[in-house]
Each structure stands twice: as structure tokens, then as C-alpha cells.
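These notes are about the structure you will find just below.
The values are calculated or read from the model by the stated rules, or taken from the named source; none is laboratory data. Just so it is clear, the structure is predicted and the values come from calculations on it, not from any experiment. Virtual Cβ from ideal backbone geometry, glycine too; neighbours counted across all protein chains shown. With ligands, DNA and RNA removed, areas are computed over all heavy atoms of the protein, side chains included. Shrake-Rupley method; radii C 1.70, N 1.55, O 1.52, S 1.80 Å.
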Amino acid sequence: GQLVLSPARWRPLFPFYRCVDGKVCKCWWWPKFVALSKNRAISKVSSSALSLNLPVSVIGKQLELLGPRVLTPIFPATKCKPICEGLVEVYERICCCKIVITPPIIIDLLDRLRLVAETLPEIREPRIPRPIPDPVPPVFEQVSAFVGGTLDESTLNVDSDLAYLENADFESAQTYILARPYLLRWCCSCGDAQYRGSTLLGPDGEFSYCFPSFPFLIYGCHREYSFRVRQIIDGVDTVIYDGLAAGIWFDEGEEITLTTYRPDAVECDHPDLPVPTDAAFAMLERIGGTEAWNLQTPAPAGWNKTASAAYNDGLCFPAASVAAARGKYLNCNWGHVLGLRYLFTEALKGQSAIYYRIRVSPCDNNGNPTGTARYLDSPINWKYYVNLGGYPPTIKIHTAQLNLEDNPSYYKIPYRSDQNWLTNYSHGSLDTRTFGNGRHLVTLELYDAGLTRVVPNNAGDAGGGDSTKAFTYEWWHDPADATNPTTTTNVPWAGLSHMFWWDNRKTEADIVTLYKDTTASGDECQFLSGNGASQFAAGIRAYHPHPWFMHSYRLWWKRGLNGASKTLDSGMSNVSGPALPAVKSASESFETMLNYSPIHPGQTLPVADRNEKCTFSLLLHVDTKTWNGSGVINGLDDDDVASFALDMS
């Protein structure tokens with residue numbers, strides 16, 4: 001038989017070989033919707049405050065509206081899934097570290113941190129009105145703490161680290177550095193990274209690689225390992241994890257988990273589904289990157305209808321009430337193009353299910369189809385790889401439609417036994433903009449090789465021309481535990497219908513009037529004179545045509561050139577509407593606006609620097625909730641900007 005030994009047992013038997021093993025995963029920080037660049041803005045405020053030796057209580061007050069504390073930036077990654085397709089490149093270096101942190105080492109570390117901070121893009125808060133772009137969520141690419149899909153801790157925390165170390169005494173600085181491995185590595189002298197080879201990922205997302213290596217090192221030195229992970233995405237060889245660029249190194253023997261945050265990285269094909277995949281069934285699995293149990297939909301009540309709708313049926317990330325969803329990315333409306341991905345198990349192939357169609361029809365609140373139904377017929381090409389040796393593998397394209405001219409709505413089911421399919425495809429491309437806003441039914445139907453509809457043998461509405469087979473439709477819904485959804489329900493109908501509610505209208509932002517005390521003016525050029533107690537406000541509209549689908553609005557002013565800025569008003573509910581008068585915002589005194597400073601005692605400028613008059617910009621931004629399965633459609637947000645001057649001389 002076999003004698004199974006752990007790596008700790010067998011590695012010493014091969015002293016001239018080194019082995020590294022670990023796993024690769026993809027983590028989502030969506031739908032928590034955190035913008036990591038905010039951490040830099042927070043840290044910059046804190047850095048300025050700390051440089052003035054302000055008390056911690058003062059700094060806390062300045063930051064309480066911004067979120068996480070300066071020395072503990074928050075990165076709320078959501079659940080992770082293994083990456084099973086790709087190549088792992090292995091790099092090794094030898095580092096010799098100073099065990100004792102000395103003042104020269106701290107000075108050198110500060111110089112390195114300042115260099116990193118200087119090369120990062122400046123955070124600029126005001127958003128300039130822009131035309132609606134192609135709605136690909138840009139947030140990930142704009143966050144400077146990500147390098148090649150990899151979170152760079154030193155970049156994420158650079159402003160916080162500088163703020164602390166520049167003002168800390170020697171002993172405090174030592175303690176701070178020793179508690180942060182990403183800083184401690186910078187205190188070492190390391191050789192160049194040497195490429196040691198590559199290995200393919202296993203089906204469980206794990207890898208292991210051994211290579212020749214001399215076993216002896218100088219005292220005080222050690223080996224470290226870094227990795228790159230490459231993957232074929234849309235036929236392109238793409239780096240989805242770059243530990244070299246992000247400065248992430250692992251000590252020998254350390255547990256290795258390589259985490260990518262790239263939204264387009266391809267995770268394992270349905271690794272944690274709620275039902276065994278050896279049964280014959282079909283199920284809606286994902287909409288874009290969102291698992292289908294997040295869709296709030298009524299129970300199917302027929303092949304092309306559902307039960308009556310509850311208040312939020314058809315929306316994504318359901319909330320218990322309208323109030324519970326206000327200001328949160330809950331009860332999100334769908335919009336733009338939805339990538340529908342179904343699960344067709346291998347056993348389904350034995351039940352003659354060869355083709356499928358996806359039917360879309362408007363529906364009423366009782367779940368009944370209304371108007372004209374339409375079958376999706378957008379061209380879909382699935383890609384598969386052929387392993388001819390080496391990397392990347394050869395990628396080939398398969399056209400899904402039965403016949404693009406006569407039968408474009410019939411798509412062939414991509415069974416795993418047919419090809420080595422890449423897993424980042426969808427089975428249907430639903431452009432919601434080609435339908436009206438509102439609730440719609442999306443229905444899956446299966447067909448055999450002769451285009452006869454195949455239905456479950458327990459279907460209560462099977463037609464005379466249907467072919468009954470031993471399979472089921474499953475409805476994935478209502479998870480008892482949102483981190484481990486396990487609930488599915490058998491659907492005893494001839495098709496599988498889900499209710500979606502989409503709305504592609506944009507939010508509206510409009511600054512209509514400016515106020516001095518109670519006097520409003522809509523003039524183009526405004527120079528407002530008064531005293532320190534005079535009050536400034538604005539008349540605004542900030543809304544979505546459907547009030548549930550606005551996430552929030554914010555109105556803020558910015559003083560002069562590179563001056564301070566401050567929120568004037570904000571909220572999570574519609575303010576006015578298209579046919580309603582503008583609403584007066586919260587107000588601010590002339591004295592505060594002209595001399596506000598977040599980094600000085602009392603939050604006001606020193607006497608020598610005080611302003612008697614200045615120009616201002618007023619900016620309004622309104623966020624939408626519209627969700628395409630992978631991100632919020634930022635192009636449906638709206639902005640407005642106004643300019644004016646205050647004078648209290």
C-alpha cells in the first residue's frame with residue numbers, strides 16, 4: 001500500500017530541493033461597495049492633523065464622519081472562491097534582515113514610504129459632470145492600492161504609516177514596525193527575485209512546485225517566495241495576481257494563499273452549489289457575478305408565470321422594508337446588460353436536453369405575462385481550450401446558436417463532457433435597455449435534438465407536443481445563511497421562470513437657486529455679501545424617477561484654489577422631483593465657509609490666514625442603485641456644479 005507523509009516529513013529527505021505549495025482564490029469586496037481610495041483621503045486628513053501634534057480626540061472628531069480610524073484602514077472583502085484555471089509562476093529571493101530596528105533603518109524606511117506616497121495619484125473629491133460612459137464599473141481600476149488584481153498593503157496604508165512614524169518616538173516606532181510584516185520586510189537587504197519555474201493550478205485551486213536549491217545560507221538570512229498567477233480571460237493571457245509588483249513575499253514554510261480581487265478573474269466552475277451536481281437538473285446560477293439566490297423572485301406558478309409579487313420582488317439583495325434599504329445597496333434595480341448563467345448538469349444530457357431558449361416578457365404584479373414575449377437571440381460564442389503542451393493553451397471559439405439565420409434563439413447547451421470550456425461565459429445576454437422599465441419574466445426552456453420541448457416528468461402544465469423526461473428545474477432562493485446558501489425548491493412546471501425588475505433611468509442632480517439667508521436667486525453670476533452670521537444655502541433637486549432606486553445624494557462646497565471642502569447637505573431619499581419645486585438645503589454661515597479648516601484647532605484658520613472673501617464651487621452628486629450583476633452602473637449617476645463668491649469684508 002501507500003505510506004502518506006506530510007511535507008514537513010518528506011522535505012528534509014530532499015535537501016537540495018525546495019517545494020512551495022498553496023492555493024489561489026478570488027475574493028469579492030462587492031457588494032460591500034467600499035472604495036479603497038477613501039482610506040487614502042482619510043489618511044491624508046489624519047497625517048496633516050498628526051503633523052500638528054493635535055490630540056487624538058481632535059483627530060477622532062475630524063474623522064468620525066469618514067469611517068475607519070487612521071491606523072486601522074478597513075478592507076471588508078466578502079466571500080472568496082478558489083481559482084482552478086491558470087498558471088502559477090514561482091520566484092525566490094534571499095533576504096538578510098536586521099534583527100534590531102535602529103534609527104538609521106527607520107529613517108531609510110520613512111524615505112521609502114515618502115517615495116511611495118509621492119508616486120500615488122492624488123485623491124480629488126469633487127466629481128465633474130460628464131457624459132454617460134459605457135457602464136463598466138471603474139471603481140476597481142481607480143483604486144491605487146490594487147496592483148495587478150493584488151492588494152498592496154504597503155500602498156493601502158502608506159499615509160497612515162507615514163503619519164505615525166514621522167511623529168513617533170524611537171521605541172514606539174520599533175513596536176509599530178515589528179507589528180507589521182509588510183513594513184518589516186522593507187528593513188531587510190534582499191537579493192533580486194529569481195524565477196524558479198511554473199506549475200498549473202489543480203482543480204481545487206491548489207498548487208505545488210519543487211525545484212533544485214542549495215540548502216545552506218549565511219546566518220541571519222532566509223528565503224522568501226513571491227508569485228504571479230496568469231489566466232486566460234476572454235482569450236487573452238492575463239495576470240490576475242502579481243505578488244512581485246505588490247511586494248508580497250512569503251517566508252519558507254509559511255501558509256500561502258494568493259488572493260486576487262480582479263472582478264474578471266475566473267473562479268472554479270460552481271464549486272459550492274447548494275445541490276449535488278450528479279442529478280439531472282437545470283438552475284439559474286448567476287446574473288453576472290451575482291449568485292441567483294440574491295434575486296428576490298416569487299415562486300414559479302407555471303412555465304411562464306410566477307406567484308403574485310411582494311413589494312420588492314424582482315430586485316437584487318432584498319431588504320425587509322423600503323426603510324431598511326434606504327442609503328444601502330439593497331433592493332437594487334437591475335439595468336444595462338445582464339449575463340445570465342445557468343447550471344446544466346451532465347446528467348441532463350442523458351435526458352435528451354440539447355438546446356435551450358430564454359424567453360423575456362413583461363409581467364403584471366400578479367406574476368402573469370403581459371404584452372409581447374421575445375426570445376433572446378444575441379450571438380454568443382463560448383471559448384474552450386485545447387492543451388497542446390505549454391502555456392497558454394490554444395483557445396478556440398464555438399458558436400452557440402443552432403442556426404444564426406433561421407433559429408438564432410436556440411442555443412446548444414455547453415456540457416462539460418463536450419469541451420474544456422472556459423468558465424467565464426454566460427448562457428444569455430439580456431440587454432434590459434431593449435425592453436421597457438418595470439417587472440419582467442425571464443423563462444428558461446429546454447429542447448431535444450429535434451427541437452421538441454423537453455419538460456420534467458412532474459410538470460403540471462406539460463403540453464401535448466412536449467417530451468417528458470426524468471429531470472427537474474431547481475429554484476435557488478431564500479438562503480437561511482447568506483454566507484452558505486443551501487435552499488433550493490423543485491419547480492414542477494414545463495419551464496423555469498424568474499421575475500426581474502429593471503429600470504435604466506438615471507438619477508437627476510440639479511442646483512437651481514442660491515440663498516443668502518431667506519433670499520433666493522437663480523442668477524448666473526452671484527456675489528453674495530453679508531456678515532459672518534449670514535447663512536448660505538441652495539435650492540436643489542436630487543432624485544431618481546423611482547424613489548427606491550436612488551442610493552444617496554451629497555451636496556458640498558469647495559473654497560477657492562486647493563482650499564477646504566465641507567459637506568453642506570446629504571441624504572438617502574429623493575429631494576423634489578421633475579415637476580416639483582427645488583428644496584432648500586441645509587445652510588452654513590459665511591464665517592464657517594470662508595475660514596473652515598479641518599486640520600487646525602477649532603476647525604478654523606489661524607487669525608493670520610483668515611479670509612474675508614473668496615470664490616466657491618458648489619457640487620451635487622446623486623448615486624444610483626442600478627445593478628448589472630457585477631457592479632453599479634456609475635454612468636447613471638448624475639452631477640451638477642455651481643460657482644459663486646462670498647464677501648463679509
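Here are the numbers for this structure:
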{"read-out": "For the stretch 530-585, projected area of the alpha-carbon convex hull averaged over all directions, nm²", "value": "5.2"}
{"read-out": "The stretch 464-623, accessible surface, carbon-and-sulfur percent (1.4 angstrom probe)", "value": "53"}
{"read-out": "Cα shape, the stretch 271-381, gyration tensor, a/c 1.5 rule", "value": "prolate"}
{"read-out": "Carbon plus sulfur fraction of accessible area for the stretch 281-387, probe 1.4 Å, in percent", "value": "48"}
{"read-out": "A347-A193 FRET efficiency (beta carbon distance; Förster radius 35 Å; 0.05 resolution)", "value": "0.15"}
{"read-out": "Per residue accessible area in Å² of the stretch 421-514, where ligands, DNA and RNA are left out and the probe is 1.4 Å", "value": "35"}
{"read-out": "Accessible surface ranking that places the most exposed of S226, S308 first, with a 1.4 angstrom probe", "value": "S308, S226"}
{"read-out": "DSSP-assigned coil residues among GluC sites (Glu not before Pro) in the stretch 230-335, each with at most 16 further Cβ atoms within 10 Å", "value": "E252, E254, E255"}
{"read-out": "Ranked packing of 313-323, 449-459, most packed first, by mean Cβ within 10 Å", "value": "313-323, 449-459"}
{"read-out": "Chain lengthening between S529 and Q419 when straightened (0.36 nm per residue, less Cα-Cα)", "value": "32.2 nm"}
{"read-out": "Label-point separation, R180 to R374 (7 Å along Cα→Cβ), nm", "value": "5.4"}
{"read-out": "Rounded, prolate or oblate (a/c below 1.5 giving rounded, otherwise prolate when a/b exceeds b/c) for the stretch 464-622 by Cα gyration tensor", "value": "prolate"}
{"read-out": "Where M593, M572 fall by accessible area, highest first, once all protein chains stay in place (1.4 Å)", "value": "M572, M593"}
{"read-out": "Descending principal axes extents, the stretch 553-649, alpha-carbon based, whole Å", "value": "53, 33, 21"}
{"read-out": "19 Å Cα-Cα threshold exceeded, pairs from K328/K506; K516/K613; K81/K349", "value": "K81/K349"}
